[in-house]
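Please treat every number below as a calculation from the coordinates, not as lab data. Remember, predicted model here, so these are calculated numbers, not experimental data. Cβ: placed from backbone, ideal geometry, glycine included. Neighbour counts: every protein chain shown.
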Amino acid sequence: MKTINLLVTAVGSELAFAVIKACRLVRHPLRLHGCDMAREVVGRHWCDAFHTVPAARDPETYLRALTALVEAQGIDAIIPTADAEFELLAAHREAFRQRLGCHILVSPLEELRRFNDKWTAHQWYQEHGIPAPATFRGDVEEDVERAVRELGFPLMLKPRVGGGSRHILRIGSRGELRTHLPAVPAPILQECVLPDDEEYTAGTYRAADGQIHVIIMHRSLKFGMTNRARSLTGRPELEAFCRDVISRTRLEGSNNIQFRIGPRGPLVLEINARFSGTTGIRANCGFNDVDMWLTDALGLGPVPAPQVRERLVLRYMEELYVDL
């Protein structure tokens, strides 16, 4: 079998670390390329080859450099991992496939934009009957007052755009709201779904044949990120819930649903229309969506149903030491 030349971008990012861990468990022969705008990044030492590229904030220069890299190295597929790259590469994925024979593993641009904006996503949830927490605009005074009046405290304060834990705060009083609301860019206020110990993250993969594979993970958070997780195999009702959510979208390949279970049942907190920070964890539990997407994109055969194992995962910090 031909060796796959796979490029993971922004290999200094936390998301790239998760993706690379899954890459190392792919069933097919793989040469792993990494790129970043900086040279001294951890991912450089985790890849078989490393390349520097300009920052994606200059789209024309970035795309020119990426095209040259794909041609020079015979790159078969690209996995972007930086926020600045997702929409840019989604807009050019057909051009890369047709002109260069290179598959960019991203969902359609329209879907990415919808789910990257939490307010737009909330409106879509309402239109499509997806259970989700009550959500209000935080930059409209009338909506702020309505959120306080209808939901009370605590409230969740989040930015409309972007992932990760930055600027996500639990607000317990009007005083805290007055203090923190101006500091959050394009804020939204959301119902706080309790209890805290009913937090879940689900990896989903929509295969080319239409099947939607799911892994459910019960998790706890620390500093806004998963620090303890348990893969579950005995919750078919939650798997069915996630399949139903994804089936209503036009999302492709790998996606992530974050949800909590409250008195009204499971409520979708957000959909991450991309590989997520638990990609490596999922692969080590038998659900390797990097492998699945490469298999589909490159026509390497049918995607086998993942065999999920129940495992407890404990996250910790680590360092890499490089002799100079």
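The H on the amide N of I4, modeled in the peptide plane, is under 5 Å from the matching H of L30, R31, each at least 5 residues off or on a different chain.
Our coupling estimate for the range 136-153, obtained by passing each phi through the Karplus curve with A = 6.51, B = -1.76, C = 1.60 and θ = phi - 60°, is 9, 5, x, 9, 10, 4, 4, 5, 4, 5, 5, 4, 5, 5, 8, 10, x, 10 Hz, Gly and Pro reported as x. For the range 13-27, the Karplus equation 6.51 cos²θ - 1.76 cosθ + 1.60, evaluated at θ = phi - 60°, returns couplings of 8, 5, 4, 4, 4, 5, 5, 4, 4, 5, 4, 6, 10, 5, 6 Hz by residue, with Gly and Pro reported as x. Taking every DSSP beta bridge that has both ends in the chain, the antiparallel portion is near 75%. Remark: the range 4-106 carries a charge dipole of roughly 360 debye about the Cα centre, counting +1 on each Lys and Arg Cβ and -1 on each Asp and Glu Cβ. In order along the range 211-218, the Karplus-derived 3J(HN,Hα) couplings, from 6.51 cos²θ - 1.76 cosθ + 1.60 at θ = phi - 60°, round to 5, 10, 9, 9, 10, 9, 10, 7 Hz, and Gly and Pro are given as x.
The structure shown yields Cα extents along the principal axes in Å, and of the options [x] 58, 40, 36; [y] 71, 47, 39; [z] 60, 43, 42 that calculated value carries the label [z]. Each Lys and Arg adds +1 at its Cβ and each Asp and Glu adds -1 at its Cβ; summed about the Cα centre, the chain shows a dipole of about 460 debye. Taking amide H positions as modeled 1.01 Å from N, with prolines and chain starts lacking one, the residues under 5 Å from G286 and 5 or more places away or on another chain are R309.
Placing dummy labels 7 Å off each Cα toward the beta-carbon, the span from R248 to R235 is 1.9 nm. Computed over the range 1-156, the P(r) curve from all C-alpha pair distances, binned at 5 Å from the origin, holds 2, 8, 15, 17, 15, 11, 8, 8, 8, 5, 3, 1, 0 percent per bin.
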